[in-house]
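The values are calculated or read from the model by the stated rules, or taken from the named source; none is laboratory data. Just so it is clear, the model here is predicted, and its values are computed rather than measured. Cβ placement follows ideal geometry from the backbone for every residue including glycine, while neighbour counts extend to all protein chains displayed.
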Ligand SMILES: Cc1cc2nc3c(=O)[nH]c(=O)nc-3n(C[C@H](O)[C@H](O)[C@H](O)COP(=O)(O)O)c2cc1C
């Protein structure tokens, strides 16, 4: 039997004009907001806690717990929606904004009610021109219909949403660099503590949540936390949108309950490997998931705990798929160049380490590598992981571990062969 998606966040995607407020209202949009505004804010936060919603930005931090850190009695507080989506292979937030921006806005107003924020921001990746226009248009529609602005639904709650476009830096997805950028400074991470919940935007208590996380909120409020928990696993409840790309017949975003095996996503929903080839490797959670999985990990269940138990990280759920004639060393060299290019330069381990690792991986792929390069790479990465200012440095160890540990035979073949053994 062919696997089907479980459409919660993506339910409106197939509808004509799904991005408009008319379509949203016609299918129950903003009813959850009406309900939330008639519920005490602390009870809304509690609902999100009980639902077990976890952040979809990569780390899986419990959303209700994050909201609970905010001291509501010390206004102003802020909500910031992280729509920077720079993780290689990830494209779910873009489609959520393009196809259902009102779901996001509704979630933002509910979250803002819960934490007492009169103003919230969408920090949108600069390259997402179309998504940004759609969100901007949706914000104006929401003001026209009174689902944003003054005295929403006669509740006495006022709320404004402001869209801000980034300028194409991966580091600006890191929440504290994002806040720096939003305040008009160079996007570099801040020292923690203080955490954003204590001193975030303009040094005020701030919640930062990913687009997909916030898009779950109206569904939890509308249907209740128990309903949400019916999907997924005990520790990873709900559905997740996986971005499947690379050597598959039908690349795209697929929404399934957490815990769905990778095989179902790759072989059934995405239509399997192109050209009748076989699977060689896939990233379970974007370029930053350590390490990439080989074909033996095709039956891993896609939830935080199972992916971690299998030795990697779920990250953003971006599954980049490589067929058996693809070169993993080349792919990882490409990822490494990305981290070296995107390192913000603030701390030495990341700035210098990513540069050197990119050099070593380039010569390895070019057939100029030496046996000792594999140990050297592991040594350099050990001096970045856990020692850099923010997690970008930790992420940059992923390609090295993938090559020097998981696909070491392929790396050695490059050295022996004095060149890349793959034609593609
Ligand atoms: C280098 C780097 C880039 C990141 N990029 C993003 C991003 O593009 N989008 C995102 O939501 N989170 C990103 N994050 C994670 C955020 O710092 C933060 O944890 C997240 O926005 C919190 O939202 P959540 O709790 O809803 O997951 C990034 C983190 C790092 C270290």
- Task: Answer with yes or no whether residue 75 is modelled with pLDDT under 95 and surrounded by fewer than 24 Cβ atoms within 10 Å (Cβ to Cβ).
- Result: yes
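A quick yes/no check of all residues on (1) buried (at least 23 other Cβ atoms within 10 Å of the Cβ); (2) more than 30 Å from residue 173 (Cβ to Cβ); (3) in contact with a helix residue (DSSP H, G or I) (Cβ under 9 Å, 6 or more places away or on another chain):
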site	(1), (2), (3)
376	no, no, yes
384	yes, no, yes
391	no, no, no
421	no, yes, yes
- Task: Within the range 166-182, identify whether any single residue is touching a helix residue (DSSP H, G or I) at 6+ places or on another chain (Cβ under 7 Å) and more than 15 Å from the ligand (Cβ to nearest atom), and answer yes or no.
- Result: no
- Message: Could you check the range 96-108 and list, in sequence order, the residues that are closer than 19 Å to residue 242 by Cβ and either away from the ligand (no atom under 14 Å from the Cβ) or not in a helix (DSSP H, G or I) (or both)?
- Response: 98, 99, 100, 103
- Say whether the condition of being in a helix (DSSP H, G or I) and within 16 Å of the ligand (Cβ to nearest atom) is met by at least one residue in the range 397-409. yes
- Message: I'm trying to understand the selection: among the residues of the range 90-113, which are surrounded by fewer than 24 Cβ atoms within 10 Å (Cβ to Cβ) and more than 21 Å from residue 40 (Cα to Cα)?
- Response: 91, 94, 95, 98, 99
- Task: Collect the residues in the range 64-95 that are in a loop (DSSP other than H, G, I, E, B) and over 20 Å from residue 314 (Cα atoms), keeping them in residue-number order.
- Result: 69, 70, 71, 72, 73, 74, 75, 76
- Task: Taking residue 76 as meeting all but one of (1) touching a residue at least 60 places away in the same chain (Cβ under 8 Å); (2) within 16 Å of the ligand (Cβ to nearest atom); (3) under 14 Å from residue 207 (Cβ atoms), write down the number of the exception.
- Result: (2)
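Table: residues versus (1) within 16 Å of the ligand (Cβ to nearest atom); (2) more than 26 Å from residue 168 (Cα to Cα); (3) surrounded by fewer than 24 Cβ atoms within 10 Å (Cβ to Cβ); (4) at pLDDT below 95.
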residue: 289; (1), (2), (3), (4): yes, no, no, yes
residue: 298; (1), (2), (3), (4): no, yes, yes, no
residue: 306; (1), (2), (3), (4): no, yes, yes, no
residue: 314; (1), (2), (3), (4): yes, no, no, no
residue: 317; (1), (2), (3), (4): yes, no, no, no
residue: 323; (1), (2), (3), (4): no, yes, yes, no
residue: 335; (1), (2), (3), (4): yes, no, no, no
residue: 340; (1), (2), (3), (4): yes, no, yes, no
- Check on residue 362, part of a helix (DSSP H, G or I), closer than 17 Å to residue 170 by Cα and modelled with pLDDT of 95 or more: no
- Query: Given 83, 111, which one is modelled with pLDDT of 95 or more, within 14 Å of residue 138 (Cβ to Cβ), within 12 Å of the ligand (Cβ to nearest atom) and in the same structural domain as residue 147 (by TED's automatic domain parsing)?
  - Reply: 83
- Query: Somewhere in the range 15-34, is a residue under 22 Å from the mean Cα position of the chain (by Cα), more than 16 Å from the ligand (Cβ to nearest atom) and either under 27 Å from residue 204 (Cβ atoms) or assigned to a loop (DSSP other than H, G, I, E, B) (or both)?
  - Reply: yes
- Item | Residue tally, condition modelled with pLDDT of 95 or more and under 22 Å from residue 145 (Cβ atoms), over the range 1-26 | 14
- Item | Complete set of residues in the range 9-36 that are buried (at least 20 other Cβ atoms within 10 Å of the Cβ) and farther than 17 Å from residue 141 by Cα | 9, 10, 12, 32, 36
- Message: Can you tell me how many residues within the range 47-66 are farther than 15 Å from residue 175 by Cα, touching a residue at least 60 places away in the same chain (Cβ under 8 Å) and within 12 Å of the ligand (Cβ to nearest atom)?
- Response: 3
- Confirm whether residue 215 is within 15 Å of the ligand (Cβ to nearest atom), at pLDDT 95 or above and over 23 Å from residue 119 (Cα atoms). no
- Subset of the range 115-157, residues part of a loop (DSSP other than H, G, I, E, B) and either out of contact with any helix residue (DSSP H, G or I) (no Cβ under 7 Å at 6 or more places or on another chain) or farther than 23 Å from residue 207 by Cα (or both), comes to 125, 126, 127, 146, 150, 151, 156
